Structures are given as C-alpha cells and as structure tokens.
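Here is the structure we will look at.
Values quoted throughout were computed directly from the atomic coordinates according to the rules given, and no laboratory measurement underlies them. None of these values were measured; they are calculated from a predicted model. Don't worry about glycine lacking a Cβ; one is built from the backbone with ideal geometry, like all the others, and counts go over all protein chains shown.
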Amino acid sequence: MSDDASQSNPVPADAQQGRATRAVVDLDALAGNVRALKNLLSPATDLMAVVKANGYGHGATAVARVALASGATQLAVATVGEGVELRSAGLPVPILVLSAVHESEVARAVRHRLDLTIGTDDILDAIVAVARGPGVTSPVAVHVKIDTGMRRYGAAPEHAIRLAQVVASEPTLRFAGVSTHFASADELNEAFTVEQATCFDWCLTEMSRAGIQPEKIHAANSAAMLRSRRYDYDLVRVGIALYGLRPSSEITLASSMRPIMSVESRISRILSLQPGDTVGYGRTWRAKSRERAAVIPIGYADGYARSLSNRGWMGRGGSALPIRGRVSMDQTVVALPVGCEAKVGDRVIVIADDLSNEGAPTAAALAEVLGTIPYEIVTALSARVPRFYIGGLSSPRSE
Ligand SMILES: *Cc1c(COP(=O)(O)O)cnc(C)c1O
C-alpha cells in the first residue's frame, strides 16, 4: 500500500486524526475472502459474517457492509450493544446476538430487531414478555442454542427440545434457528467435533419428530466450515476466516485468502545507543555495543502487548527491528539493524498482513511469540488506533 493512498483519503473525523499509528484494512481483500468462503459452500448454504468485538478489531460496520455485498446474508455479534451499533448504521439484515443477554437488555434488543439466542427458560420468558408487550408489531426471531459439549451457553439436549416446543407454539416468536457451537473444531483430532455433531443431529431428529421446524440450522465456525462440508447445515457462522486469519495452525484457508489488516506507525525519534545505555522502564535492555534505535509511538494502550517487551519485533524494508526494553503505554523502542535506512517520520510495519511485508510479524507470528491465538492479537487493538480503509464498496474512506 502506497503513501499516495493515504493522501487521497479523507481525514478521519475523530480524536486520533493524523496519528502516526494506524491500522490499514483492505476491504477488497475482505471481499475476496468472503467470495472464496462462499465458493467452498453449496449455493444453498448461507454465510453469516461474525463481526463481534468490533469486527475482530477491524471495524464492525465497514466489515459488515463489505461482507454483505460479497455474499454474506446475515450478521452475528456477541452483545446487544454491538448489534444496535450495526442496526443504527442502517444495515437491514438479520443480526444475531450469539451470547446470553441479560433480561434487562431484551426490550432494547427487540426494539432494534436483533435476533436473540435462547439457552435458558428465564431468557425465553423474558423475551416472550417483551414480545407480547405493546409496540411490538412483528414476531421476535429467536434461535435455540444446544450445548453439545462446549459447556458455555446453551441448553442441554432434552431441555433444548422443550425450549424449541415453546418457541414454535408461541405466536409472538419466530423460530428462526437452532444452533450449537464446537469446542475443538480447530484441532487435528476431529473425534469430539463428530461427537458434538452427532448429538446435534439427534436433537434435530427429535425436533422434527415433534413436528417443529426451525428456519435455519447452524453449527459451524470458521474451523468447522474450512475442514469439512459435514457441518454446514443451512448456515455457517464465520468469523476469523473473513479476516484472512487461520483458526489454528491445523486449519488452512483457501489459497486466495489473505489477512486484511496491517498495523503501521512512523518513527518519532532516532536514538544512538552507546555500550551500557539502558532503554525504557525497569532498564531491562542494556546496549552491548553501539546501536541505532528508533522510538515508535505505539504501546500497550493501543493493544500492543507489554509482554512483547524484549521479545517482539517490527519491520521496515525487509529488516526485522527487535524491540529493546519494555513496551510502555504509548511508545516502544526498536533497534535499527546495520543497513536499515531510517529517519524520523519513516514508516515501520508493526503487524504485517502477509509474510513478505517488510520483515514485520503477522498477527499469527505475534500470537506464537505471546503464546496466544491471532484472535487475541487483532481484537486487542484499542479504539485509540484509527482504522483506515482501502478498497471496498466505493472510494476510500475512514471510520
Ligand atoms: C465467535 C463465534 C463464532 C465464530 O468463530 P470463528 O472461529 O471466529 O469463526 C461462531 N459461533 C459462535 C457462537 C461464536 O461465539
């Protein structure tokens, strides 16, 4: 991505405008990922774009718009607030709240026509109370969630069947879906996923025997949909793969898919370290020889983990720039290897969107260093980092 692209972009209308540190999100790459995912599916299978946690850190509204324009037909979020944000942005499609909501949030969710997931009698009762109330003119769409082994949200199989019967017989509700969620679809060993799917199938058979029929049956996350067509049912709920990241090292993406976000910054100061000089809080790095270093205005308040101190690296022009000393709240110091030309204002890549990107680590590589998963790297990026969009539906724009 060239600097020219940034100059043609409208200035973001928020407090971080003009900040040297920013995330660049390639919406054309996102559209390509969504099309590649759709290509794996039968045309009858719907794609639900999971855009919880601000679109896994990429910006929920921008991601949702492009995903819908590229083949997704529904959206999913984790909280009512996230759903309201998308609805308020004018997106008219079904928006499913995946997680448990508190009873006090039901009225707000219904007002914004969010679809709700039911795992307990209490939440079903709360939804019915709102759905029967004044001002609700159309049935409230609900999905019954079955806990087949994740042990997080959802009703046990027999209980779920009873919940489904109540939903199907209640005129103020629409039986929009039945779902389950896999605990280990990203692992090499598929045995537990098959076990969960078998349990799910049993529930579906029982429901069908009882004469109740949901509109959409769904189970697969990215890992399940990437590994097999066994788990597709009517709809797949895809999150991490939209963003071009692998659910785990066991699962591969389609070959055309790639990460859609990079994080970049600009050098704010050049340092000439002498032998014995120490860098940063706690003086955890001591120069052994003369070394050039650069101060980069990104820190843990931006979501750049403090545990990368003395372990992570950034990239510039093909050189890896190792972190010296501690990552602080707003700034990080990196070494400039011999031969790496750099002056104040020059760009460095903090998180690369592909392996060839200037020597910087990908989200997957940083996750490896930190002993976590790429999900945590991208969702950690804080609101202070402006998201800058290239490509997409119309001309470049920022949000
Ligand atoms: C987050 C989530 C997904 C998406 O998972 P990915 O691994 O990102 O594809 C699907 N279903 C549920 C219930 C989730 O919470």
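Placing unit charges on each Cβ (+1 for Lys and Arg, -1 for Asp and Glu) gives the chain a dipole about its Cα centre, and among V140, G154, S88 the Cα reaching farthest toward its positive end belongs to S88. The listed peptides 196-208, 333-345, ordered by packing as a protection proxy, come out as 196-208, 333-345 (highest mean of other Cβ atoms within 10 Å first). Modelled this way, with points 7 Å down the Cα-to-C-beta line, the labels at S88 and T137 are 2.3 nm from one another. Name the aspartates and glutamates eligible as straight-distance cross-link partners of K216: C-alpha to C-alpha under 19 Å, and not fewer than 8 places from it in the same chain. Candidates past the 8-residue exclusion: D46, D115, D147, E170, D201, E206, D232, D234. For the peptides 363-375, 230-242, residues were scored by their other Cβ atoms within 10 Å and the scores averaged per peptide; the highest-first order is 230-242, 363-375.
Under the simplified labelling scheme, the D277-S289 pair shows an inter-label distance of 1.6 nm, with each label point 7 Å from Cα along Cα→Cβ. Once the chain from S228 to A210 is taken as fully extended at 0.36 nm per residue, the excess over their C-alpha distance is 3.5 nm.
Note on A383 and T252: their simple-model spin labels are 4.1 nm apart, each label 7 Å out from Cα toward Cβ. Cβ-Cβ distance of R347 and E195, R₀ of 51 Å, FRET efficiency by 1/(1 + (r/R0)^6): the value works out to about 0.55.
Summary value for the chain: 18 percent relative contact order, contacts being C-alpha pairs under 8 angstrom separated by 6+ residues.
For the range 316-340 versus the range 75-116, the inter-centroid distance based on Cα atoms is 42 Å. Each semi-axis of the equivalent ellipsoid for the chain is √(5λ) with λ an eigenvalue of the Cα gyration tensor; in descending order they amount to 44, 22, 19 Å. Out of R266, R292, R326, any idea which swings most in a Gaussian network model of the chain, alpha carbons joined below 10 Å? Judging by the Gaussian network model, the answer is R292. With bins 5 Å wide beginning at 0, the percent of Cα pairs of the range 160-292 falling in each bin runs 2, 9, 14, 13, 10, 8, 7, 7, 7, 5, 5, 4, 4, 3, 2, 0.
Scoring 297-304, 132-139 by mean Cβ neighbours within 10 Å over their residues and listing the highest first yields 297-304, 132-139.
If the segment from S268 to L188 were pulled out straight at 0.36 nm per residue, it would be longer than the present Cα-Cα gap by 24.3 nm.
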